Amino acid sequence: MDTMTELGNEMLSDLYRHDGAVSTLYVALTPDTTDPRHTQTQRRAARQAMLDAGSPEADAAAVESLLEDQPGVANPVSRYLIVRNGEVVVDELLLGEPLAERIAAYGLPSAIPLLRHRPRELSYAVVEVNREEAEIRLYRLNQLEPVMERDIQGDDEYTQKVKVGGWSQKRYQRDAEQIWKRNEGQVAEAVDDIVREHKVELVLVAGDMRACQLLADQLAPASRDLAVVVPTNTLAGGASDEALEEELHKQIVAVLARDQTDALDRLAAESGRDDGLAEVGIGPVVHALQQAQVDTLILDPAGLGDKTLLALAAEPWIATAPEDALGAPSLGAVPAADALVRAAVLSDSTVVLVETDRGAPGTPLDDTGGSPALGATIGANHHVAAVLRWRTGPATPGSATPGSAA
């Protein structure tokens, strides 16, 4: 997007390493284009909320000015902003049902809203084809605009119905089929290149059904395994994208659910062994993060409530108390979820959020609002766990075991 700053893991890591106060704003965008006063009210409310949260006047003013010109997009969409010293350093539009508004002002960005919308970097391609041309668009998860677009024009000879008969009919049909196949072969080569170069994990194909079939047949095995053909001709006049969008949502939910299930399965397997590569509870997980032992951090942000941890300006990045900071300067006490995510990102760990305040993939809510998947694995009283890269010596003294209190 031209006016948006795309925030990936590398940029997030860079932001986390900066010292000094930073403001984070996450709000749902519901612009009423028929009433300019609605936008004005939103701007003023956001500014005042930031000031109430402790943001500097310069940060609040920058956000108020930025929200004056809200992008014209279809709901549901949210806006995620990070501001430092009056400068907007991150400005993203995030697709999906908006979460609760979040405004934070302390020594590090709050990445929880971003990770809820975009649990990890995931690239997918949408390919719309007919028999003479194709449109290929590459997207990143929950971003509105494609990061790359490619149009392919093939040979249009015989793409229109030819009124011939007799002995020439079969020849025309045979020649047309060869041209269509050659056209889709060009598209297949382009798709294969994009899959390989951009680590694409999903390819949705829609359009003329014969063209889709010819394309799928010519994809390389690696691309074919990722391809899902949607039975809708989105290129036909007056066609709707609804079926394509529904299938896209379904496939992405499935990919993210597998991520979560795989992480919980690994945690369960390691937790069940005396020498397993797993830690459960805030203390043991913080200790493992300090040693850069964590491969995967599994976190229930809502379950941590108002608990806080110390964010540090240098390694080991996180501590439960000043005496555990190992000499690193403290940025102060911050919400535990933010401190844990920051330490994980800075040590190149994978972060898996287990949601409790909405129906996230793979985590149906129980009557108490908790996540039965996580609770069944590590105990109902726990809201953070980790799968380790290695274990150095015996488990941390006093560390929790699955089923015990944190």
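The values are calculated or read from the model by the stated rules, or taken from the named source; none is laboratory data. All figures in this text were calculated on a predicted structure; none of them were measured in a lab. Every residue, glycine as well, gets a Cβ built from its backbone with ideal geometry; the counts of neighbours run over all protein chains shown.
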In the set Ala211, Ala220, which member is of a type in the set (A, V, I, L, M, F, W, C) and touching a strand residue (DSSP E or B) at 6+ places or on another chain (Cβ under 6 Å)?
-> Ala211
Among residues of the stretch 108-144, those that are under 20 Å from the mean Cα position of the chain (by Cα) and more than 28 Å from Asp19 (Cα to Cα), counted | 13
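Those residues that are at negative phi, touching a Pro at 6+ places or on another chain (Cβ under 8 Å) and modelled with pLDDT of 90 or more, I need them from the stretch 58-89; list them, please. Write out each step before concluding.
So in the stretch 58-89, the residues at negative phi come out as 58-84, 87-89.
Those still in the list that are touching a Pro at 6+ places or on another chain (Cβ under 8 Å) too: 70, 72, 76-78, 80, 82.
The answer is Tyr80, Ile82.
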Only one of these is buried (at least 20 other Cβ atoms within 10 Å of the Cβ), in contact (Cβ under 8 Å) with a residue 24 or more places away in the chain, within 20 Å of Lys250 (Cα to Cα) and not assigned by TED's automatic domain parsing to the domain that holds Leu141: Leu94, Leu108, Leu81. Name it.
-> Leu94
Among all residue pairs at least 6 apart or on different chains, which show Cβ distances below 7 Å where the first residue, located in the stretch 279-307, is surrounded by 24 or more Cβ atoms within 10 Å (Cβ to Cβ) and the second is of a type in the set (Asp, Glu)?
-> Val285/Glu279; Ala288/Glu279
Taking the stretch 211-222 only, how many residues are farther than 15 Å from Ile152 by Cβ and touching a helix residue (DSSP H, G or I) at 6+ places or on another chain (Cβ under 7 Å)?
-> 3
Every pair of residues 6+ apart whose Cβ atoms lie under 8 Å, when the first sits in the stretch 213-227 and is assigned by TED's automatic domain parsing to the domain that holds His198 and free of Cβ contacts under 8 Å to residues at least 60 places away in the same chain while the second is part of a loop (DSSP other than H, G, I, E, B) and aliphatic (A, V, I, L, M) = Ala227/Leu219
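Quick grid of which residues meet (1) at pLDDT 95 or above; (2) within 26 Å of Val22 (Cβ to Cβ); (3) among the acidic types (Asp, Glu):
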{"position": "Leu289", "(1), (2), (3)": "yes, yes, no"}
{"position": "Val294", "(1), (2), (3)": "yes, yes, no"}
{"position": "Pro301", "(1), (2), (3)": "no, yes, no"}
{"position": "Thr308", "(1), (2), (3)": "yes, yes, no"}
{"position": "Leu326", "(1), (2), (3)": "no, yes, no"}
{"position": "Arg342", "(1), (2), (3)": "yes, yes, no"}
{"position": "Val352", "(1), (2), (3)": "no, yes, no"}
{"position": "Glu355", "(1), (2), (3)": "no, yes, yes"}
{"position": "Pro364", "(1), (2), (3)": "no, no, no"}
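Sort out which residues of the stretch 188-211 are hydrophobic (A, V, I, L, M, F, W, C) and part of a helix (DSSP H, G or I), and write them in order of number. Give the steps one after another, and end with the answer.
Narrowing the stretch 188-211 to residues hydrophobic (A, V, I, L, M, F, W, C): 188, 190-191, 194-195, 200, 202-206, 209, 211.
Across the stretch 188-211, the qualifying residues are Ala188, Ala190, Val191, Ile194, Val195, Met209, Ala211.
Restricted to the stretch 373-388, and to residues that are part of a helix (DSSP H, G or I) and either at pLDDT below 50 or β-branched (Val, Ile, Thr) (or both), which residue is surrounded by the fewest Cβ atoms within 10 Å (Cβ to Cβ)?
Step one: of the stretch 373-388, the residues part of a helix (DSSP H, G or I) are 373-378.
From the residues that got through so far, the ones that are either at pLDDT below 50 or β-branched (Val, Ile, Thr) (or both) too are 377-378.
Working: Thr377: 25, Ile378: 27.
In this case the residue turns out to be Thr377.
Can you name the residue in the stretch 98-145 that is aliphatic (A, V, I, L, M) and part of a loop (DSSP other than H, G, I, E, B) and, of all such residues, is modelled with the lowest pLDDT?
Leu144
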Which numbered condition trips up Leu214, out of (1) in contact with a Leu (Cβ under 9 Å, 6 or more places away or on another chain); (2) part of a helix (DSSP H, G or I); (3) modelled with pLDDT of 85 or more?
-> (1)
Picked from the stretch 230-288 (must be among the hydroxyl-bearing types (Ser, Thr, Tyr) and part of a helix (DSSP H, G or I)), the residue farthest from the chain's Cα centre (by Cα) is Ser271
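Return a yes/no flag: does the stretch 233-244 have any residue that is crowded, with 17+ Cβ neighbours inside 10 Å, under 19 Å from Ala188 (Cα atoms) and in the same structural domain as Asn130 (by TED's automatic domain parsing). Give the derivation first.
So in the stretch 233-244, the residues crowded, with 17+ Cβ neighbours inside 10 Å come out as 233-234, 244.
Checking which are under 19 Å from Ala188 (Cα atoms) leaves us with 233-234.
If we keep only those that are in the same structural domain as Asn130 (by TED's automatic domain parsing) too, we end up with 233-234.
Yes, some residue in the stretch 233-244 is crowded, with 17+ Cβ neighbours inside 10 Å, under 19 Å from Ala188 (Cα atoms) and in the same structural domain as Asn130 (by TED's automatic domain parsing).
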Quick one: would you say Glu92 is modelled with pLDDT under 90 and charged (D, E, K, R)?
-> yes
